[in-house]
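Data block below; observations after.
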């Protein structure tokens, strides 16, 4: 998920473990050589672009098409050419949704991406720790509260939330995308949590 750059250097420790021998995933990691070509190509893309393969990708690749579907969906969803939202909007949604779902992996990952989008590492970290304690813009506040509600109590989202976003200038296409990004991260969060994917060492050294 974005920041797709965050990854685990598979040459640094035995397959399926981090440096302290803690399993990367409850289901272990697949033998990369045995993966289908289209999934090995994802590994190659990450290594070529960022220098390593993220734990979440390695963990999901235990079922290769799960990894492939998620990456392809994410790439289209976060492609600026396809989006009606800003990068900061998208990453705010990712962080708030992941925090509401208690997905530490995705919170770590997307806090760094939010920091890049905002140009403010400290503010991004404060939002990740609890957006209610941060002075947000009206747009940020509405986005955060809407996706928090959608994540925690989806049937509570209604016309009031939609009208609030419209008043702030979001089109109906953009509002749909807000819901879609939040829903995507709830999906990704649940996969990551169920597999108990260990955050990459790069989260702590960046």
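The values are calculated or read from the model by the stated rules, or taken from the named source; none is laboratory data. Worth saying up front: this structure is predicted, and the values here are computed from it rather than measured. All Cβ positions, even for glycine, are placed from backbone atoms using ideal geometry, and neighbour counts span all protein chains on display.
Numerical summary
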quantity: Pair list, Cβ under 6 Å, 6 or more apart: segment 113-136 residue within 18 Å of residue 101 (Cβ to Cβ), other residue outside any helix (DSSP H, G or I) and at pLDDT 95 or above; calculated: 127/134
quantity: Residue count, segment 86-115 (criterion: part of a helix (DSSP H, G or I), out of contact with any helix residue (DSSP H, G or I) (no Cβ under 6 Å at 6 or more places or on another chain) and farther than 21 Å from residue 177 by Cα); calculated: 2
quantity: Odd one out for residue 72 among (1) modelled with pLDDT of 95 or more; (2) part of a loop (DSSP other than H, G, I, E, B); (3) within 18 Å of residue 187 (Cβ to Cβ); calculated: (2)
quantity: Residues that are over 22 Å from residue 187 (Cβ atoms) and either surrounded by fewer than 18 Cβ atoms within 10 Å (Cβ to Cβ) or out of contact with any helix residue (DSSP H, G or I) (no Cβ under 6 Å at 6 or more places or on another chain) (or both), drawn from segment 141-157; calculated: 141
quantity: Long-range neighbours under 7 Å by Cβ, at least six apart or interchain, first residue surrounded by fewer than 20 Cβ atoms within 10 Å (Cβ to Cβ) within segment 51-64, second in a helix (DSSP H, G or I) and at pLDDT 95 or above; calculated: 64/39
quantity: Residue list for segment 65-87, restricted to those being buried (at least 20 other Cβ atoms within 10 Å of the Cβ), under 30 Å from residue 169 (Cβ atoms) and over 13 Å from the mean Cα position of the chain (by Cα); calculated: 85
quantity: Residue satisfying condition, being free of Cβ contacts under 8 Å to residues at least 40 places away in the same chain and under 23 Å from residue 108 (Cβ atoms), within set 68, 43; calculated: 43
